[in-house]
Amino acid sequence: MNEIELLNSTPSPSNSRFNVSSTGKIMIGITGGIAIGLTVICAPFVSPALRKHCLPYIPATNQQMANILDALKGRKGTLLDIGSGDGRIVLETAKNKFDAHGIELNPWLVLYSKVAAIRQGLGKQTKFFRQDLWKYNVAKYDNIIIFGVEQMMTDLENKFLQECKSDCRILACRFPMPNLTPTKTIGHGIDTVWIYEIKVC
(Lines give C-alpha, C1' and ligand atoms only; values in the text may rest on other atoms or scores of the structure.)
Protein backbone atom coordinates (compact mmCIF):
# COMPACT_ATOMS: atom_id res chain seq x y z
CA MET A 1 0.00 0.00 0.00
CA ASN A 2 1.50 3.32 -1.01
CA GLU A 3 1.45 6.53 1.01
CA ILE A 4 -1.58 7.98 -0.78
CA GLU A 5 -3.67 4.83 -0.24
CA LEU A 6 -2.66 4.77 3.44
CA LEU A 7 -3.81 8.35 3.97
CA ASN A 8 -7.12 7.66 2.25
CA SER A 9 -7.80 4.57 4.35
CA THR A 10 -7.01 6.25 7.70
CA PRO A 11 -10.18 7.49 9.49
CA SER A 12 -10.40 11.25 9.88
CA PRO A 13 -9.79 12.24 13.52
CA SER A 14 -12.63 14.78 13.39
CA ASN A 15 -15.11 12.18 12.18
CA SER A 16 -14.12 9.45 14.64
CA ARG A 17 -14.06 11.68 17.70
CA PHE A 18 -17.23 13.67 17.23
CA ASN A 19 -19.54 11.35 15.36
CA VAL A 20 -22.56 10.98 17.70
CA SER A 21 -25.00 8.16 17.10
CA SER A 22 -28.75 8.68 16.93
CA THR A 23 -29.12 7.00 20.33
CA GLY A 24 -26.57 9.40 21.80
CA LYS A 25 -28.43 12.39 20.41
CA ILE A 26 -31.69 11.12 21.89
CA MET A 27 -30.05 10.59 25.29
CA ILE A 28 -28.58 14.10 25.23
CA GLY A 29 -31.99 15.51 24.35
CA ILE A 30 -33.71 13.59 27.14
CA THR A 31 -31.08 14.61 29.71
CA GLY A 32 -31.32 18.25 28.68
CA GLY A 33 -35.11 18.14 28.82
CA ILE A 34 -35.05 16.63 32.31
CA ALA A 35 -32.60 19.30 33.49
CA ILE A 36 -34.77 22.10 32.15
CA GLY A 37 -37.89 20.53 33.66
CA LEU A 38 -36.27 20.20 37.08
CA THR A 39 -35.11 23.81 36.91
CA VAL A 40 -38.63 25.04 36.09
CA ILE A 41 -40.18 22.99 38.90
CA CYS A 42 -37.54 23.69 41.56
CA ALA A 43 -36.94 27.39 40.91
CA PRO A 44 -40.15 28.58 42.67
CA PHE A 45 -39.15 26.62 45.79
CA VAL A 46 -35.56 27.92 45.82
CA SER A 47 -36.08 31.56 44.79
CA PRO A 48 -37.67 32.71 48.10
CA ALA A 49 -34.33 32.00 49.79
CA LEU A 50 -32.79 34.74 47.65
CA ARG A 51 -35.21 37.39 48.92
CA LYS A 52 -34.64 39.78 51.84
CA HIS A 53 -37.06 37.78 53.98
CA CYS A 54 -37.20 34.06 53.26
CA LEU A 55 -40.59 32.48 54.00
CA PRO A 56 -40.02 28.76 53.43
CA TYR A 57 -42.79 26.29 52.72
CA ILE A 58 -43.34 24.22 55.87
CA PRO A 59 -46.76 22.54 56.13
CA ALA A 60 -48.76 23.18 59.30
CA THR A 61 -48.92 20.33 61.79
CA ASN A 62 -52.25 18.87 62.90
CA GLN A 63 -51.80 20.52 66.30
CA GLN A 64 -51.07 23.90 64.72
CA MET A 65 -54.22 23.57 62.65
CA ALA A 66 -56.26 22.72 65.76
CA ASN A 67 -54.77 25.72 67.60
CA ILE A 68 -55.61 28.04 64.71
CA LEU A 69 -59.23 26.90 64.64
CA ASP A 70 -59.39 27.33 68.42
CA ALA A 71 -58.01 30.89 68.07
CA LEU A 72 -60.71 31.70 65.50
CA LYS A 73 -63.66 30.62 67.67
CA GLY A 74 -66.35 33.27 67.67
CA ARG A 75 -64.85 35.01 64.64
CA LYS A 76 -66.29 35.36 61.14
CA GLY A 77 -65.81 37.30 57.93
CA THR A 78 -62.81 37.43 55.64
CA LEU A 79 -59.57 35.58 56.34
CA LEU A 80 -56.13 35.75 54.76
CA ASP A 81 -53.37 33.15 55.07
CA ILE A 82 -50.04 34.79 54.22
CA GLY A 83 -47.73 32.28 52.55
CA SER A 84 -50.56 29.80 52.10
CA GLY A 85 -48.37 26.95 50.81
CA ASP A 86 -50.48 23.90 50.00
CA GLY A 87 -53.68 25.75 50.97
CA ARG A 88 -54.55 23.58 53.96
CA ILE A 89 -55.28 26.46 56.34
CA VAL A 90 -57.41 28.27 53.76
CA LEU A 91 -59.40 25.11 53.06
CA GLU A 92 -59.92 24.22 56.72
CA THR A 93 -61.06 27.74 57.64
CA ALA A 94 -63.38 27.82 54.62
CA LYS A 95 -65.03 24.69 56.02
CA ASN A 96 -65.64 26.75 59.15
CA LYS A 97 -67.59 29.39 57.18
CA PHE A 98 -64.81 31.92 56.57
CA ASP A 99 -64.41 33.67 53.24
CA ALA A 100 -60.81 32.46 53.06
CA HIS A 101 -58.01 33.67 50.79
CA GLY A 102 -54.38 32.68 50.47
CA ILE A 103 -51.39 34.48 48.98
CA GLU A 104 -48.33 32.52 47.91
CA LEU A 105 -45.33 33.21 45.65
CA ASN A 106 -44.83 29.64 44.45
CA PRO A 107 -47.03 29.13 41.35
CA TRP A 108 -47.05 25.33 41.75
CA LEU A 109 -48.41 25.60 45.29
CA VAL A 110 -51.04 28.11 44.15
CA LEU A 111 -52.13 25.71 41.41
CA TYR A 112 -52.14 22.77 43.83
CA SER A 113 -54.29 24.76 46.28
CA LYS A 114 -56.81 25.74 43.62
CA VAL A 115 -57.16 22.13 42.47
CA ALA A 116 -57.54 20.94 46.08
CA ALA A 117 -60.25 23.55 46.68
CA ILE A 118 -62.22 22.39 43.63
CA ARG A 119 -61.84 18.73 44.59
CA GLN A 120 -63.16 19.47 48.09
CA GLY A 121 -66.09 21.53 46.80
CA LEU A 122 -64.65 24.76 48.24
CA GLY A 123 -63.94 26.60 45.01
CA LYS A 124 -66.50 29.34 45.74
CA GLN A 125 -65.47 29.89 49.36
CA THR A 126 -61.75 30.22 48.67
CA LYS A 127 -59.36 32.24 46.54
CA PHE A 128 -55.65 31.82 46.00
CA PHE A 129 -53.38 34.50 44.59
CA ARG A 130 -49.76 34.43 43.46
CA GLN A 131 -48.65 37.55 45.28
CA ASP A 132 -45.71 39.10 47.11
CA LEU A 133 -46.95 39.69 50.67
CA TRP A 134 -45.10 43.03 50.88
CA LYS A 135 -47.02 44.33 47.86
CA TYR A 136 -50.41 42.92 48.87
CA ASN A 137 -52.72 45.22 50.83
CA VAL A 138 -54.37 43.40 53.76
CA ALA A 139 -56.81 46.19 54.70
CA LYS A 140 -60.00 44.29 53.81
CA TYR A 141 -59.42 41.25 56.02
CA ASP A 142 -61.02 40.55 59.40
CA ASN A 143 -58.55 37.77 60.25
CA ILE A 144 -54.96 37.20 59.15
CA ILE A 145 -52.75 34.15 59.70
CA ILE A 146 -48.99 34.19 59.29
CA PHE A 147 -46.39 31.46 59.71
CA GLY A 148 -43.42 33.80 59.70
CA VAL A 149 -39.73 33.68 60.40
CA GLU A 150 -38.11 35.72 63.15
CA GLN A 151 -36.24 38.06 60.79
CA MET A 152 -39.45 39.28 59.11
CA MET A 153 -41.71 39.85 62.12
CA THR A 154 -40.76 43.50 62.76
CA ASP A 155 -41.47 44.52 59.15
CA LEU A 156 -44.63 42.45 59.17
CA GLU A 157 -45.82 44.07 62.40
CA ASN A 158 -45.32 47.52 60.84
CA LYS A 159 -47.27 46.45 57.77
CA PHE A 160 -50.20 45.26 59.90
CA LEU A 161 -50.24 48.47 61.96
CA GLN A 162 -50.32 50.56 58.78
CA GLU A 163 -52.86 48.55 56.79
CA CYS A 164 -55.14 46.48 59.04
CA LYS A 165 -58.58 47.73 59.94
CA SER A 166 -59.73 48.01 63.53
CA ASP A 167 -60.65 44.72 65.23
CA CYS A 168 -58.65 42.67 62.75
CA ARG A 169 -57.36 39.54 64.49
CA ILE A 170 -53.80 38.49 63.72
CA LEU A 171 -52.71 34.92 64.39
CA ALA A 172 -48.91 34.66 64.46
CA CYS A 173 -47.61 31.10 64.33
CA ARG A 174 -44.09 29.92 65.26
CA PHE A 175 -42.85 33.46 66.05
CA PRO A 176 -44.61 36.30 67.92
CA MET A 177 -44.80 39.97 66.99
CA PRO A 178 -41.80 41.76 68.55
CA ASN A 179 -43.62 44.75 70.06
CA LEU A 180 -47.36 44.03 70.15
CA THR A 181 -48.80 42.33 73.22
CA PRO A 182 -50.88 39.23 72.48
CA THR A 183 -54.37 39.08 73.94
CA LYS A 184 -54.05 35.31 74.21
CA THR A 185 -51.60 32.50 73.50
CA ILE A 186 -52.61 28.98 72.52
CA GLY A 187 -50.32 25.95 72.50
CA HIS A 188 -46.59 25.73 73.10
CA GLY A 189 -43.34 25.16 71.22
CA ILE A 190 -43.57 25.18 67.43
CA ASP A 191 -47.35 24.84 67.67
CA THR A 192 -47.83 28.14 69.55
CA VAL A 193 -50.34 30.64 68.19
CA TRP A 194 -50.14 34.24 69.41
CA ILE A 195 -53.40 36.19 69.06
CA TYR A 196 -53.33 39.96 68.46
CA GLU A 197 -56.25 42.36 68.15
CA ILE A 198 -55.53 45.44 66.05
CA LYS A 199 -57.02 48.65 67.44
CA VAL A 200 -57.07 51.66 65.15
CA CYS A 201 -57.52 55.02 66.90
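The values are calculated or read from the model by the stated rules, or taken from the named source; none is laboratory data. Everything numeric in this text was worked out from a predicted model, so none of it was measured. Cβ placement follows ideal geometry from the backbone for every residue including glycine, while neighbour counts extend to all protein chains displayed. Heavy atoms of the whole protein, side chains included, go into the accessibility calculation; ligands, DNA and RNA do not. Shrake-Rupley method; radii C 1.70, N 1.55, O 1.52, S 1.80 Å.
Here are some notes:
- Segment 149-201: Rg to Rh, with Rh as the Kirkwood radius over Cα pairs: 0.95
- Global geometry of segment 78-138, whether rounded, prolate or oblate, following the gyration tensor of its Cα atoms and the 1.5 cut on a/c: oblate
- For segment 56-95, the residues whose amide N sits under 17 Å from a probe point set 7 Å from the Cα of K124 along the beta carbon direction are 94-95.
- Within segment 68-170: Cβ-based charge dipole about Cα centre, in debye rounded to nearest 20 (Lys, Arg +1; Asp, Glu -1): 560
- 13 Å beta-carbon shell around K184, net charge (K/R +1, D/E -1): +1
- Shape of segment 105-175, Cα gyration tensor, a/c cut at 1.5: prolate
- Label-zone membership for segment 166-183, site Y136, 7 angstrom Cα→C-beta point, backbone N under 17 Å: 169-173
- Sequentially through segment 143-157, phi angles give Karplus couplings (6.51, -1.76, 1.60; θ = phi - 60°) of 9, 9, 10, 9, 9, x, 10, 4, 5, 9, 5, 5, 5, 5, 4 Hz, Gly and Pro residues having no value and appearing as x.
- Extension gain for K97-L161 works out to 20.4 nm (0.36 nm per residue, less the C-alpha to C-alpha distance).
- For segment 56-201: accessible area per residue (Å², 1.4 Å): 51
- Pairs over the 30 Å Cα-Cα cut-off, from the set K114/K184; K95/K165; K97/K199: K114/K184.
- A prolate overall shape is assigned to segment 69-201, the ratio a/c of its alpha-carbon gyration tensor axes (a ≥ b ≥ c) being 1.5 or greater and a/b exceeding b/c.
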